[in-house]
Structures are given as structure tokens and as C-alpha cells.
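The values are calculated or read from the model by the stated rules, or taken from the named source; none is laboratory data. Everything quoted here is computed from the prediction, not taken from an experiment. Here Cβ is always computed from backbone atoms with ideal geometry, including for glycine, and neighbour counts include all displayed protein chains.
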Amino acid sequence: MRFDAVQRILGVLLMVFSLTMLPPALLSLVTGDGAHTAFLVTTGLLVLLGFALWLPVRKLRRELRIRDGFFIVAMFWVVLGVSGAVPFLLESRTGMGLADAVFESISGLTTTGATVLTGIDELPLSIRYYRQQLQWLGGMGIIVLAVAILPMLGIGGMQLYRAELPGPVKDAKLTPRITETAKALWYIYLSLTVVCAVAYWIAGMDAFDAISHAFTTVATGGFSTHDASMGHFDSIAIELIAVVFMFVSAINYSLHFLVWRWRSVDPWVRDPELRFYVGIVLTALVLITGGLYLYEASLGIENPDMWHHALFQVTSFATTTGYTTTAYHVWPAFLPVLLLFLSFIGGCGSSTSGGIKVVRVLLLLRQGGREILRLIHPQAVLRVKLGDKPVSDRVTDAVWGFFAAYVALFTVIMLSLMAMGLDQITAFSATASGMNNLGPALGDVATHFGDMGAGVKLLISFAMVLGRLEIFTLLVLFTPAFWRR
């Protein structure tokens, strides 16, 4: 492990992250909400800390190894989560302690969307904006943003990119140079954000809410500037816009790039993962909508507008965004649990969504189908395929390994939460909310996590980072082999 190279990278990234405190500070000064001091002090602290790390090793020029990249990404998300918590601590009107501030910051950066806050509408405007900005930065991954910038400072980035980009296959590059790949992804991300903000504004949001919610919609994050989330606007048009951009953002960004480069929708149409994802969402939509109408019909209730609540919640949970428009947790029968299970699948690989990812679930099903056929035809040579392309055994082994690690860690975290006093439903849904980067949950945390103890909040914060880095990037640090020379 080249700790001096790691130190240099972390120093630079901290100084870069300090600049993200300036937009909310400027907004605070313009609106006069009085929160600018918290952001300016945080900026100064992060610059000093980053400079102190960078200065002793500023002349170092070493190529990063793979293990260096994993360590930097894992450490930076921890350091970034703590750094992002500083404005929440310094601004007294948030009423946050250390565990609350770290939880809120990590929830934002990992695009989880779980919150400890109530009375969000009464918070300073700049704090409300800052929460949204955290999710926007975390959406594509601040490490990928750094990959596009760091080469100007003489720092290579392929190892960082491999460790950060979500999805089971991380070696494919859209362009010959990794920096160009990172820039291409961010251009798409930024374009979607701008179009989404304009659409929200046309549909009736004011400029502040339109920009703020575009940040968290495209990031599939779920933070809102209002306690009632998207339900605050009570607008079907706004909900439908959110549905479109949540779903688009949950699609593999490599496909978006190919659609743009080829000026053709063929990459969307031909992709087996996307077709499977559409099938999952449509099936869940039929089950949720049908369940709601049947339940209300049995009670003699007529609610012709129920369809848009079903559509919105299914899309929000399937993309792990976590917006809400209604009290989904009091829906009848199996419907709330079905919504929660959608988050386990999550969005497509190489998207901003959380969860296990659709491509992994698809490969698990294909592999399971192959094993059943082998029982019938023991001598047959059968290959797992995505579309017409065979998938190597190494990839399927990695998917099974990921799934096994996911189940084991999920079990350990859930049991730990139960040992801390949470009931089964609350512990299960809180673990799912954190590891799937979802946000909403059931039981005692259906509306917010503010009433949980500090230990619960910190453990779920760990689960959020674990899910955002897709388990292995963080888990590898706990293996003895990683630290051997």
C-alpha cells in the first residue's frame, strides 16, 4: 500500500470538495438566511486539512495500484461523509448531534435519501439546498468527477474509476481515455439535470424547488426540500415528470452514451437488462395498482386517482429514489413489502440507482435456469447468455459471490439492529433502506430515522456506504490478503 500516494489524492480531493460549500454559502448570503457562516467555516477547515495532507507529498508522482484505488475510494467516502456533516453541526437550527449530522451527510452522498430531519420546510434555504446538492454530487460519484479533474494535477484515475463505478463489469470504457469516459458520463448527467429542472419549472415548481428536485431526481436520491416530499406539490404533471427522469436515470449510462453517439434508440431496445427491468416495473405496477383498487372496492371506496400514486411509488422504489407522494406504509396487505422488495433489485448496472442491480438478478436467474437444465441434460454444454452474448464463468461466479456476501452482511446488520432494540419489521426495512440506498422504510422508521439511537444511525450509515460501493470495494479492506505486501 502506497500511503503517501493515498495521502496526496485525499488531500487534493478534500480541497476540491471544499469548493462545493461555496454555492450554498452564496445562496445564504443572497437570501440572508444566516447560515453562510457554517459553510464558509467548513470551506476553510477542509481547505486547511486537504492542504496539510497534500503539502508534504505534493511532488510525489506514482502510478496508483488497484489496491490503492480501493482504499482511496473507501476512505474518501468515509472522510467525505464526515466532512459533509460539518455544516449540519455548525448550523444550530438543524438541531443535529454528531451521529445525526454524519447520517444525513452520508445519506445524501450515497443517494440513499433517509433522513433524521423533521420540519424541513422551516430550515434555512441554503441548508435545504445543500442537502439536495450532496445527492447530486453523489449520484454519478464524486470520484468519477475527480477522475475528470485530477489528470490536470498529474494524478492517474483508472483505479479510482474501477472502484467507484457501479455494476458487475467495470473494465469497459466508453472512450479510449478514462478521463474522457468520466467527462462523457458527467455531460450526460448534467444534461439530464438541466432538462429535468426546466420540466419541473414549466410544470409549476418555482426555480429553487425545480433545481433542487432535479438534483435528487436524476441522482435517484430522494431528498426533498419539503417534509411531504413530492406530495407537497399535489401535481400529477410533476409526478409524471419525476417518473420519467427517475426511470431514465436508473438505466445504464453507457446505453445513454451509445444512444447519443449513434443517434439511435437501438442500444435501449436491444439491451436485455433494460428489457428485463421494464418487465419488472410493469409487473409490479399491475400488482400494486390492482391491489389498491381491489382493496378500496371491497370497502366501497371510489378513488379514480389511485393509479398515479401507484405509478409514482413503484417507479420511486424500483429506482431506489425514495420519493413519496402518499403514506405508502399504510397500504393494505403485501403492497408495502412488495415496494420494499423492488429496491433489492434496484436499477440497471452503471446507473445512479442502488440495490443489487438488475443485471445481477438477471444473471442469477439465468444461472439458476442453467443448473435446472443440467439436471435434465447432465452432459450438455450450456452457457449463460445476455442477449446473444455468452457470459464468462468468472462473471457469473462474481455475481454469486456478490449475492452471498450481500445476504450474509444483510443478515448481520439486521440482527445487530434487532440486538439494539428494533423490532423485526423496523430492523429488516432499515437494513434494506441503507444497503439498497433507498431511503423510505417501514415500522418505526417509516417517516424518518430521527428517533433512533446513535448506534443505529451509525450502523445504517455504514450500510449506506457498503451499498453505494457495492460491498466488495469496502469489504476487501477487511481481508488480511489486502494488506499483505
Segment 198-214, residues that are in contact with a Leu (Cβ under 9 Å, 6 or more places away or on another chain), within 17 Å of L240 (Cα to Cα) and either surrounded by fewer than 23 Cβ atoms within 10 Å (Cβ to Cβ) or basic (K, R) (or both): A203
Residue within segment 51-71 that is under 20 Å from Q133 (Cα atoms) and more than 26 Å from the chain's Cα centre (by Cα) present: no
R162 vs. criteria surrounded by fewer than 20 Cβ atoms within 10 Å (Cβ to Cβ), modelled with pLDDT under 95 and either closer than 29 Å to V102 by Cα or among the acidic types (D, E) (or both): yes
Segment 78-108, subset among the hydrophobic types (A, V, I, L, M, F, W, C), touching a Gly at 6+ places or on another chain (Cβ under 9 Å) and more than 18 Å from G119 (Cβ to Cβ), residue modelled with the lowest pLDDT: L80
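Matching residues to (1) over 26 Å from L117 (Cα atoms); (2) acidic (D, E); (3) surrounded by fewer than 24 Cβ atoms within 10 Å (Cβ to Cβ):
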site	(1), (2), (3)
V218	no, no, no
D234	no, yes, yes
L255	yes, no, yes
W260	yes, no, yes
D266	yes, yes, yes
The one condition in (1) touching a residue at least 24 places away in the same chain (Cβ under 8 Å); (2) not in a loop (DSSP other than H, G, I, E, B) that L375 fails to fulfil: (1)
Residue match in segment 403-414 (condition: touching an Asp or Glu at 6+ places or on another chain (Cβ under 8 Å) and either in a helix (DSSP H, G or I) or loosely packed, with under 11 Cβ neighbours inside 10 Å (or both)): no
Hey, V116 touching a residue at least 40 places away in the same chain (Cβ under 8 Å) and under 19 Å from V16 (Cα atoms) or not: no
Yes/no for V456 being over 11 Å from the mean Cα position of the chain (by Cα), buried (at least 20 other Cβ atoms within 10 Å of the Cβ) and not in a loop (DSSP other than H, G, I, E, B): yes
Within segment 343-398, tally of residues that are polar (S, T, N, Q) and at pLDDT 85 or above: 6
Filtered residue count, segment 317-330, keeping only those that are out of contact with any Leu (no Cβ under 7 Å at 6 or more places or on another chain) and closer than 16 Å to M435 by Cα: 2
Segment 51-67 residues that are charged (D, E, K, R), paired with ones that are exposed (fewer than 13 other Cβ atoms within 10 Å of the Cβ) and not in a loop (DSSP other than H, G, I, E, B) (beta carbon under 8 Å, 6 or more apart): R62/D4
Single condition P440 does not satisfy, out of (1) in a helix (DSSP H, G or I); (2) out of contact with any strand residue (DSSP E or B) (no Cβ under 8 Å at 6 or more places or on another chain); (3) within 23 Å of S316 (Cα to Cα): (1)
Identity of the residue in segment 17-39, hydrophobic (A, V, I, L, M, F, W, C) and surrounded by fewer than 17 Cβ atoms within 10 Å (Cβ to Cβ), that ends up nearest to S83 (Cα to Cα): L19
Residues satisfying the stated conditions in segment 417-429, i.e. part of a helix (DSSP H, G or I) and either free of Cβ contacts under 8 Å to residues at least 40 places away in the same chain or surrounded by fewer than 17 Cβ atoms within 10 Å (Cβ to Cβ) (or both): M418, A419, Q424, I425, T426, A427, F428
Scope segment 311-335; condition surrounded by fewer than 24 Cβ atoms within 10 Å (Cβ to Cβ) and not polar (S, T, N, Q); matching residues: L311, A327, Y328, H329, V330, W331, P332, A333, F334, L335
Within segment 217-244, considering residues that are outside any loop (DSSP other than H, G, I, E, B), of a type outside the set (S, T, Y) and under 15 Å from G439 (Cβ atoms), the one nearest to the chain's Cα centre (by Cα): A242
Scope segment 71-115; condition part of a loop (DSSP other than H, G, I, E, B) and buried (at least 23 other Cβ atoms within 10 Å of the Cβ); matching residues: E91, T110, T111, T112, G113, A114, T115
